[in-house]
Amino acid sequence: MPDAVPSSASVSARMSRQGSRDTVPEVAVRKLLHAAGLRYRVNVPVPGMPRRTIDIAFGRAKIAVFMDGCFWHGCPQHATHPKANAEWWRTKLDKNMARDRETSEHLIAAGWTVLRFWEHESPEIVAQEIAVARQAAAQKP
């Protein structure tokens, strides 16, 4: 991917502060899961894939949960397309989505259940869906 020149100093500063873990939606879901008595690990390395992590993992049950940001992961409802450095950003965001697919396929092939949620989804509904998947995994022989 070619190097991009920041469109402005303020854009550069804002992007450098963008968090990749412990986001507000992720923390909200984790609090609900914990309150429901579910225990999990956070930012777990994806087995066999360096530099990739699972946001919320239930290791024994092999459930991987990802809380994807709308901009960074290409939400069909809320994704935006920057005008400055448009080609660079399109390439960058397309690579992010391809990496997400590759990671999910890798985990599924290894026997994991992969759950992906968008940052705009209700934390209560997300936590409920995760709890249902966790319960289903616990009932497997």
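Here are some notes:
- Looking across segment 8-53 at every residue that is on the phi > 0 side of the Ramachandran plot and of a type outside the set (D, E), the one that is modelled with the lowest pLDDT is identified as R51.
- Just so you know, in segment 58-89 the residues that are assigned to a helix (DSSP H, G or I) and open to solvent by less than 80 Å² (accessible area, probe 1.4 Å) include one that is nearest to P141 (Cα to Cα), and it is H73.
- Subset of segment 33-51 that is in a loop (DSSP other than H, G, I, E, B) and either in contact with a His (Cβ under 9 Å, 6 or more places away or on another chain) or among the basic types (K, R) (or both) - its residue that is farthest from H106 (Cα to Cα): R39
- Only one of A36, A110, A28 that is open to solvent by 30 Å² or more (accessible area, probe 1.4 Å), among the hydrophobic types (A, V, I, L, M, F, W, C) and farther than 21 Å from A137 by Cα: A28
- Of all residues in segment 24-44, those that are touching a residue at least 40 places away in the same chain (Cβ under 8 Å) have Cβ atoms under 7 Å from Cβ atoms of residues that are assigned to a loop (DSSP other than H, G, I, E, B), 6 or more apart or on another chain, in P25/E119; L33/Y40.
- Pair list, Cβ < 9 Å and 6+ apart or interchain, from segment 81-106 residues that are under 18 Å from R51 (Cα atoms) to residues that are among the basic types (K, R) and open to solvent by 60 Å² or more (accessible area, probe 1.4 Å): D100/R116; S104/R116
- Residue satisfying condition, being aliphatic (A, V, I, L, M), in contact (Cβ under 8 Å) with a residue 40 or more places away in the chain and out of contact with any strand residue (DSSP E or B) (no Cβ under 8 Å at 6 or more places or on another chain), within set A136, A110, A64: A110
- When segment 104-141 is limited to residues that are in a helix (DSSP H, G or I) and among the small types (G, A, S), the one that is modelled with the lowest pLDDT turns out to be A138.
The values are calculated or read from the model by the stated rules, or taken from the named source; none is laboratory data. What you are looking at is a predicted structure, and each value in this text was computed from that prediction instead of being measured. Don't worry about glycine lacking a Cβ; one is built from the backbone with ideal geometry, like all the others, and counts go over all protein chains shown. For the accessible areas, the whole protein counts, side chains as well, though only heavy atoms, and no ligand, DNA or RNA atoms are used. Shrake-Rupley method; radii C 1.70, N 1.55, O 1.52, S 1.80 Å.
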